[in-house]
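To start, the structure under review is shown below, and the notes come after it.
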Amino acid sequence: MKKQILLITGLALAFNGNLMADAIPAPSEGEILFTQKCASCHSITRPKDMSTVVAPALMGVMHHLKISYPNKDKAVTFIKDYVINPTKEKAICMPKKIERFGLMPSQKGNVTEEELEVIANWMFDNFPPKNFRGMGQGKNFKILRVR
Ligand code: HEC
């Protein structure tokens, strides 16, 4: 009996190990942290059901953020500050997003500065995805402030 259990465990481990190596790339630390700390509000994928959305999706956030902050260092600094001290004046998203969702609640106490550094770098490096076509790129879209 014991031998069988060991064998099964061994097989399961081997199978798992294979899967990890071949099919699913291991998620990065940034992705894991974002999933834990931010994804309850910011969807990592394009939301399917808009009626349940409580905040702009990550690809939309980064699309707008990179228009105002094309420089990575400045973008990362902005994200680290905004997550702890969000204000209407600082916000780069379209004003109608704040009207719709309200200002983001400060995540102070929910995320450390070190974690935010990792999260913000991951956000900048991976979003928006290459095939992203946002709304707001039409003729009515104005770039308000580039910083
Ligand atoms: C409780 C829900 C909630 C959580 C959790 C949350 N956010 Fe937000 N976030 C919002 C909402 C709502 C907005 C849109 C309004 C605004 O910009 O303040 C927003 C906007 C943003 C913006 C755009 C800011 C701007 O200039 O308009 C960034 C960047 C952002 N969030 C990053 C994060 C990160 C990083 C985390 C995780 C550490 C996080 N958020 C967790 C609700 C949330």
In the stretch 28-126, with Lys and Arg counted as +1 and Asp and Glu as -1 at Cβ, which of these residues, Thr45, Cys93, Pro70, has the Cα nearest the positive end of the dipole, that is, farthest along it?
Cys93
Where trypsin sites (Lys or Arg not before Pro) fall in DSSP loop in the stretch 50-103, at most 16 other Cβ within 10 Å:
Lys88, Lys90
Enter the accessible area of Ile44 (Å², nearest 10), with the probe set to 1.4 Å and all protein chains included.
50 Å²
Rg to Rh for the stretch 28-126: what is it, with Cα atoms only and Rh by Kirkwood?
0.92
In percent, how large is the relative contact order of the stretch 28-126, given Cα pairs closer than 8 Å and 6 or more residues apart?
36 percent
With r as the distance between the Cβ atoms of Lys66 and Arg100 and R0 = 22 Å, compute the FRET efficiency 1/(1 + (r/R0)^6) and round to 0.05.
0.55
Ignoring ligands, DNA and RNA, please state the percent of accessible area on the stretch 28-126 from carbon and sulfur, probe 1.4 Å.
55 percent
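The values are calculated or read from the model by the stated rules, or taken from the named source; none is laboratory data. In this text, all values refer to a predicted model and were calculated from it rather than measured experimentally. When we count neighbours, we look across all protein chains shown, and the Cβ atoms used for this are built from the backbone with ideal geometry, even at glycine. Ligands, DNA and RNA are stripped out before the accessible areas are found, and what is left, the full protein with its side chains, is counted by its heavy atoms. Shrake-Rupley method; radii C 1.70, N 1.55, O 1.52, S 1.80 Å.
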